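The values are calculated or read from the model by the stated rules, or taken from the named source; none is laboratory data. Just so it is clear, the model here is predicted, and its values are computed rather than measured. Every residue, glycine as well, gets a Cβ built from its backbone with ideal geometry; the counts of neighbours run over all protein chains shown. Side chains are part of the model used for accessible areas, which takes the heavy atoms of the whole protein and leaves out ligands, DNA and RNA. Shrake-Rupley method; radii C 1.70, N 1.55, O 1.52, S 1.80 Å.
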Amino acid sequence: MRTLSYVHGASDVPLLGETIFQNLRRTAEHFGDREALVVAHQNHRSTYAELIEQCEVIARGLMARGVHRGDRVGIWSPNRYEWVIVQYATAAIGAILVNINPAYRTSELEYALNQSGISLLILAAGFRQADYVAMLGEVKGRCPELREALVLEDGWEALKRDAAKTDAGDLRSLEASLQFDDPINIQYTSGTTGFPKGATLTHHSILNNGYFIGETLKYTEKDRVCIPVPFYHCFGMVLGNLACTTHGATMVIPGEAFEPVAVMETVQKERCTSLYGVPTMFIGELDHPRFKEFDFGSLRTGIMAGSPCPVEVMKKVQTVMHIAEMTIAYGMTETSPVSTQCSTDDPLDRRVSTVGRVHPHVEIKIVDPATGDVVPRGETGELCSRGYIVMRGYWNNDEATQQAVDPARWMHTGDLATMDDQGYINIVGRIKDMIIRGGENIYPREVEEFLYSHPDIADVQVIGVPSEKYGEEVMAWVKPREGATVTGEDLAAWCKGKIASFKIPRHWKFVDSFPMTVTGKVQKFKMRESAVEELGLEKAAGVRTA
């Protein structure tokens, strides 16, 4: 009988049975004089002892403003030191932090405010070309539960002064009453169709996920972690902040948002030992004209995650950037987020070509999407995960929750994956992304990986576009390397004989960038929409199927 695609991350290291702020206090007791937070663009530095004090002040200020356990507090801001303090201050009083995407505009903001019932919103005055205050002014009249908005640039000092109105003992009493299974965070999923859904996470789920991420990366109080990924997403606040604070490591923030030079300067100046990013960030650094000016010698480890990681990019990160222990992590917001990760000492071929193995205390199975049956090792199916990581559910959306989490508490990811005999997982595509061309199943990831090996291609994304003859055809959006001149005909000829003819893209488009979410996830649905229009495929797109 063939071994089935099921694994359990049995571990001798127990889960943490405490709340987020209890854990931060414990860290501060051990490493109070060590740097906890460095924010380069704000010239902010604080030790763990100072961070605890800053968080307590803001927590008491929020209590004075009428924020209670279970209330929803929204934060709409790029990466700033205040974001980190609000993350831990709300955890200290049991308020549920609602992360609002910095890229949101008025309709999305209004939806998030009302859907989660935010009573107090903390916001930056603006970000890039967006005027947050003006946008809030447009919608707040339609948000009945929003009773107060605090603009960081104007109201932060007043919030700190309000702390005097709340006794420190009251904060301690409230903190002691909290339970680690309480919901503590709502994060809205990107949502390629329909409205975003608010994944509801607990102290237990995100604290432990951050802890075991740090364990996997062998973090200690001597590590300094460069975090250029956004806080509003799990990558920033869990893989970044919580992985650091559970180990006494230093959170190093290079800027409000990703900018390659700022990241490379910060790594060099702060002697960072770990660097995070989505693949497009690492590509942006590696391909930058000033890349060779910077010293990456302090780096030891890091995480590449958020979207499929090209093998060729991973190889360069480990060699050219000298990050020998770079790892890939896989997960989703709904699973707090990481469910698999490479180990720092995994064989090189495993670390560049898989998303690692199951995380401690987590179960994974790969099932036939049609039947739900667990498939044998090596066969493709939908990846499902179970354990402490699985969200409480989508906030006020039972129907969507039941569609995603089955009665046995398995989270259905929608990702197609394989599991090998050693338990390593490989993500081969999305169920909805799979291209079916004339009855042939084509996984975009496979074609992308092949195209990445072409010397003139810096980045590539493969999608399916409508075809009256075949149902779908393959299309590649290509970002050429700087200075390269290449055509679709050249690339098609290069593919011939190397991959099956039905996998060779019929359509090619050359671009400088891809439509993306703020977290760096490529929005393939937007690519499809523009391709249909540009290629005149409206008739084929209108063909109905069973």
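Using a simple spin-label model with points 7 Å from Cα along the Cα→Cβ vector, what separation in nm is obtained for Leu348 and Ser173?
The modelled label-to-label distance comes out at 6.2 nm.
Angle check, please: helix 168-177 long axis (alpha carbons) against the longest principal axis of the chain (alpha carbons), in degrees 0 to 90, nearest 10.
Roughly 50 degrees, rounded to the nearest 10.
Pop the C-beta distance of Ala64 and Ala125 into the FRET formula with R0 = 25 Å and round what comes out to the nearest 0.05.
0.65
DSSP loop (so not H, G, I, E, B), at most 11 other Cβ within 10 Å: list which GluC sites (Glu not before Pro) in segment 1-87 pass both filters.
none
Could you give the C-alpha radius of gyration of segment 379-467 expressed as a fraction of 2.2 N^0.38 Å, taking N as the number of residues it contains?
That works out to 1.36 for segment 379-467.
How high is the relative contact order of the chain, in percent, counting Cα pairs under 8 Å that sit 6 or more residues apart?
Result for the chain is 13 percent.
Taking all protein chains as present, what is the carbon and sulfur share of the accessible area of segment 141-201, in % to the nearest whole number, probe 1.4 Å?
Here carbon and sulfur together make up 51 percent of the probe-accessible area.
Could you pull out which residues in segment 333-368 have an amide N less than 14 Å from a spot 7 Å beyond the Cα of His8, following the Cα-Cβ vector?
Zone members listed by number: 360-365.
Using a probe of 1.4 angstrom, how much of the accessible area of segment 467-546 is carbon and sulfur, in percent?
Working: 2380 of 4850 Å².
Summing carbon and sulfur atoms, their accessible area is 49 percent of the total for segment 467-546.
Tell me, what does the Kirkwood hydrodynamic radius of segment 263-331 come to in angstroms if you use every pair of distinct C-alpha atoms? Kindly include the intermediate steps, with their values, before the conclusion.
Numbers: mean 1/r = 0.0840 Å⁻¹.
Final number for the Kirkwood radius of segment 263-331 is 11.9 Å.
What is the percent carbon and sulfur in the accessible area of segment 345-397, measuring with a 1.4 Å probe over the protein chains and ignoring ligands? Kindly include the intermediate steps, with their values, before the conclusion.
Values: 910 of 2130 Å².
Answer for segment 345-397 is 43 percent, counting heavy atoms of protein chains only.
Of (1) 292; (2) 159; (3) 132, which is the value of volume of the Cα convex hull per residue in Å³ derived from the coordinates here?
So the structure-derived entry is (2).
By how many nm would the segment from Glu148 to Lys165 grow when fully extended, if each residue of separation counts as 0.36 nm and the alpha-carbon distance is taken off?
Values: separation 17, 0.36 × 17 = 6.12 nm, distance 1.78 nm.
Extending this stretch completely gives an extra 4.3 nm.
Starting from segment 1-94, pick out the trypsin sites (Lys or Arg not before Pro) whose DSSP state is loop and whose Cβ has at most 10 other Cβ atoms within 10 Å.
Arg2
With no solvent and one point on each alpha carbon, what is the Debye value of log10 I(q)/I(0) for segment 208-260 at q = 0.18, 0.19, 0.23, 0.28 Å⁻¹?
-0.50, -0.55, -0.77, -1.04
Solvent-accessible area per residue for segment 66-137 at a 1.4 Å probe radius, Å²?
Solvent-accessible surface per residue comes out at 26 Å².
Can you find, among Val352, Gln461, Phe21, the residue sitting farthest towards the positive end of the charge dipole of the chain, where Lys and Arg contribute +1 and Asp and Glu -1 at Cβ?
Towards the positive end, the residue furthest out is Gln461.
Roughly speaking, what is the stretch gain from Glu53 to Val133, that is 0.36 nm per residue apart minus the C-alpha to C-alpha distance, in nm to one decimal?
Result: 25.9 nm gained on full extension.
Over segment 35-112, what is the relative contact order in whole percent, taking alpha-carbon pairs under 8 Å and six or more residues apart? Walk me through the numbers before you get to the answer.
On the way: 89 pairs, mean separation 22.2, N = 78.
Once normalised by length, the contact order is 28 percent.
Give me the distance between the Cα centres of segment 294-349 and segment 125-197, rounded to whole Å.
Segment 294-349 and segment 125-197 have Cα centres spaced 32 Å from each other.
Taking the Cα atoms of segment 398-546, report the difference between the largest and smallest coordinate on each principal axis, in whole Å and largest first.
For segment 398-546, the Cα spread along each principal axis is 53, 43, 33 Å.
Please find the FRET efficiency linking Ile431 to Glu259, where r is the Cβ-Cβ separation and R0 is fixed at 41 Å, and quote it to the nearest 0.05.
Computed FRET efficiency for Ile431 and Glu259 comes out at 0.75.
Evaluate the charge dipole of segment 141-286 about its Cα centre and quote only its size in Debye, nearest 20, assuming +1 on the Cβ of each Lys and Arg and -1 on the Cβ of each Asp and Glu.
It comes to approximately 220 debye.
If you find the alpha carbon centre of segment 428-457 and of segment 54-90, how far apart are they in angstrom?
With segment 428-457 and segment 54-90 each reduced to a Cα centre, they are spaced 43 Å.
Would you kindly state how much longer the chain becomes between Ala408 and Glu215 on full extension, computed as 0.36 nm times their sequence separation minus their alpha carbon distance, in nm to one decimal? Walk me through the numbers on the way to the answer.
Working: separation 193, 0.36 × 193 = 69.48 nm, distance 2.83 nm.
Going from the current span to full extension adds 66.6 nm.
What FRET efficiency comes out for the pair Lys498/Gln268, r = Cβ-Cβ distance, R0 = 25 Å, nearest 0.05? Intermediate values should be presented prior to the final figure.
On the way: r = 40 Å, r/R0 = 1.59.
Here the calculated transfer efficiency is 0.05.
Residue by residue through segment 535-540, which ³J(HN,Hα) values in whole Hz follow from phi under the Karplus form 6.51 cos²θ - 1.76 cosθ + 1.60 (θ = phi - 60°), with glycine and proline marked x?
3J(HN,Hα) across segment 535-540, in whole Hz: 8, x, 9, 4, 5, 5.
Which residues' amide hydrogens lie under 5 Å from the amide hydrogen of Glu145, considering only partners 5 or more residues apart or on another chain, with H built in the peptide plane?
Residues meeting the amide H criterion: none.
Using only Cα atoms and rounding to the nearest 10 degrees, what angle (0 to 90) does helix 81-93 make with the longest principal axis of the chain?
So the inclination is approximately 70 degrees.
State in Å² the accessible area per residue of segment 232-288; use a 1.4 Å probe, count heavy atoms of protein chains only, and round to the nearest integer.
On the way: 1140 Å² over 57 residues.
Result: 20 Å² of accessible area for each residue.
Return one whole number: the accessible area per residue of segment 416-546 in Å², for a 1.4 Å probe.
Here the per-residue accessible area is 51 Å².
Not counting ligands, DNA or RNA, and with a 1.4 Å probe, what is Lys140's accessible surface area in Å² rounded to the nearest 10?
Lys140 has an accessible surface of roughly 120 Å² with all protein chains in place.
For segment 153-261, build the convex hull from the C-alpha positions and give me its volume per residue in Å³.
In segment 153-261, the Cα convex hull volume per residue is 183 Å³.
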